[in-house]
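These notes are about the structure you will find just below.
The values are calculated or read from the model by the stated rules, or taken from the named source; none is laboratory data. In this text the structure is predicted, and so the values were computed from the model without any measurement. Backbone-built Cβ (ideal geometry, glycine too); neighbour counts: all protein chains shown.
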Amino acid sequence: MLYPLSYRGVGGGTTEAIFRFQRISKGGPQFKFELDQDLSRHQDAAIDAMEGNSAIGIVGFGRFGKLMARYLAVDCPVRVYDPSAQPHEVASAGAQPASLEAAAQCRVVILAVPISCLQQALEQIGPHLGPGSIVADVCSVKEAPVEWMQQQLPPTTPILATHPMFGPDSAAESLEGRKIVICPVRMPPERCEAIRRYLRAKGLVVIETTPAEHDRQIAVSLALTHYIGRSLAEMGAKPQDIDSEGYQRLLRILDVVENDTWQLFEDMHRFNRYALEARRDFLKAMQAVERRIGDGVR
């Protein structure tokens with residue numbers, strides 16, 4: 001995904017400006033002028049690398065779609081298609097309401113829909129994609145979406161599977177230091193490199209991997225975390241007057257999952273073929289610990 005926020009220079013522009021600051025008297029007007037020039041020049045280079053300031057289309061305007069629109073609209077025209085979205089809500093994010101056709105004809109088309117709705121979205125945008133349009137998803141599972149995109153999109157369509165490792169809550173104020181996983185598929189090397197530079201220029205940590213490796217790791221780091229959080233919620237876990245730091249950390253997992261939909265939780269387990277094994281291993285380990293406790297009590 002492409003999320004603009006902070007003004008970090010592509011190719012080390014911000015670092016160069018900082019070094020120049022150390023050589024110039026602190027706070028001097030010359031430094032401010034040169035720093036502003038650096039930031040403007042490198043920001044423009046990053047935006048130009050992203051397809052010459054072309055519009056970005058977003059299909060889906062849920063919580064994450066709104067977050068993307070808000071950050072992207074800082075640098076690029078953003079067209080949003082979502083029949084359920086109110087025009088004033090789209091406009092408040094700095095984006096423009098658009099038809100499906102208009103959103104799909106953008107140079108970059110981001111599908112911000114639930115995993116279980118992705119195939120339908122692909123079917124809808126396919127006939128309207130512009131020549132060379134990059135299609136990206138933001139699903140928390142990668143193998144199945146990549147397979148669907150390869151099957152349903154035209155064979156010449158570049159595909160960029162992504163998983164932003166943050167959400168509307170954790171990235172509400174900043175993208176600095178947040179992680180994003182990318183799995184390029186049918187991507188021309190120069191366009192892929194331009195996107196990498198753009199993402200890094202916005203302060204994001206870019207992790208490139210395969211869809212299978214992503215799903216293996218995310219089955220534990222995300223799906224299992226949400227599983228534990230949902231279990232704590234089902235148990236009725238809540239803050240206690242007499243607690244420990246460890247218990248407070250457990251409750252933070254609830255904060256991670258409480259604003260996410262059940263559909264997201266169900267989809268990340270249903271469509272990740274490694275998630276069931278992770279759950280079984282976890283339950284098996286808990287049962288082993290319970291047996292040890294029981295043996296000790298008796």
Checklist entry - Does region 272-286 contain at least one residue that is closer than 19 Å to residue 169 by Cβ and surrounded by 13 or more Cβ atoms within 10 Å (Cβ to Cβ)? => result no
Next on the checklist: With the structure loaded, tell me whether residue 219 is closer than 23 Å to residue 274 by Cβ and either of a type in the set (Phe, Trp, Tyr) or surrounded by 15 or more Cβ atoms within 10 Å (Cβ to Cβ) (or both) or whether it fails that test.
Outcome noted: yes
Checklist entry - Do you know which residues across region 125-169 are within 19 Å of residue 102 (Cβ to Cβ), in a helix (DSSP H, G or I) and free of Cβ contacts under 8 Å to residues at least 60 places away in the same chain? => result 126, 127, 128
Next on the checklist: Just the residues that are modelled with pLDDT of 95 or more and surrounded by fewer than 19 Cβ atoms within 10 Å (Cβ to Cβ), please, taken from region 126-147.
Outcome noted: 126, 127, 128, 147
Checklist entry - Can you name every residue in region 170-182 that is out of contact with any Leu (no Cβ under 9 Å at 6 or more places or on another chain) and part of a strand (DSSP E or B)? => result 181
Item to check | Residue that is closer than 30 Å to residue 117 by Cβ, of a type in the set (A, V, I, L, M, F, W, C), assigned to a helix (DSSP H, G or I) and in the same structural domain as residue 169 (by TED's automatic domain parsing), where the choices are 199, 254 | outcome: 199
Next on the checklist: Condition first: among the β-branched types (Val, Ile, Thr), more than 18 Å from the chain's Cα centre (by Cα) and under 21 Å from residue 219 (Cα atoms). Now tell me which residues in region 244-298 satisfy that.
Outcome noted: 253
